[in-house]
Amino acid sequence: MDEQTDVFRKAFDAAARILARRDHTRYEIRRKLKQRKFPAAVVDAVIAECERLRYIDDDETARFYLKELVRRGFGAERIRFEMKKKGLSGDHIDRLIMAYAGSAEEAAAAEAQFAKCLVRYAREADPLKRKAKLYRYMASRGFSTDMIRELMAARLNGDGYSG
């Protein structure tokens, strides 16, 4: 076995071990193999082979990751941010996120998160501080300004408590 084949095999084995734990994107595998000091040409070849064998499928990973982030109660903007961190972007990803943005599913997630943080901030005596904390929490979860405002209008009366 020549040296280049041996390096490829080691890199492929490393990628297989990484992928055995959970799905990773092309970007994540590239980053992890480069951290292990494999040459760029070998990394490219390993990624191509993994894709050929369907060990790496960014579209499938994106769909799975979207479901996971929705389950965890994130809004569309936070999902977009998390996807980009994993190297997932493009028209397909934008279509997935746009289908979720503003949907009944996102509204239900926003409602659930809002109810949870209402309990968390119920002890805040100052209604303006309570509203600000609620707003910041919901924005950090990735919900749109419009959605947050609608929730606040529907769920809070003048003193900031749920109605």
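Just so it is clear, none of the values below were taken in a lab; they were calculated from the coordinates. What you are looking at is a predicted structure, and each value in this text was computed from that prediction instead of being measured. Virtual Cβ from ideal backbone geometry, glycine too; neighbours counted across all protein chains shown.
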| remark: For the chain, the longest principal axis of the Cα atoms and the Cα long axis of helix 127-140 enclose an angle in degrees, to the nearest 10, of 20 degrees
| said: Less than 23 Å apart at the alpha-carbon level, and either on another chain or at least 8 residues along: which lysines does that give for residue 131? | reply: 116
| Local net charge near residue 72, Cβ-Cβ under 11 Å (Lys/Arg +1, Asp/Glu -1) | +2
| note | Ordering 68-81, 6-19 by per-residue average of other C-beta atoms within 10 angstrom, highest first, gives 68-81, 6-19
| task | Jot down the radius of gyration and Dmax of the chain, Cα atoms only, both in angstrom. | result | 21.6, 76
| note | Once Lys and Arg are counted +1 and Asp and Glu -1 for all other residues with Cβ under 12 Å from that of residue 3, the total becomes 0
| task | Please report the Cα spread of region 10-74 along all three principal axes, rounded to whole Å, starting with the longest. | result | 39, 23, 17
| field | Positive-pole candidate from 62, 89, 73, dipole of region 58-100, charges at beta carbon | value | 73
| message | Shape verdict for region 104-155, please, from the Cα gyration tensor: rounded (a/c under 1.5), prolate (a/b greater than b/c) or oblate. | response | prolate
| query | Which value, in debye to the nearest 20, gives the size of the charge dipole of the chain about its Cα centre, when Lys and Arg are +1 and Asp and Glu are -1 at the Cβ? | reply | 820 debye
| note | Which residues qualify? For residue 156, with a placed amide H closer than 5 Å and at least 5 residues away or on another chain, they are 163
| note | In units of 2.2 N^0.38 Å, the Cα radius of gyration of region 31-112 is 1.33
| query | Just the Cα atoms of region 58-100: what Rg and Dmax do they give in Å? | reply | 8.9, 24
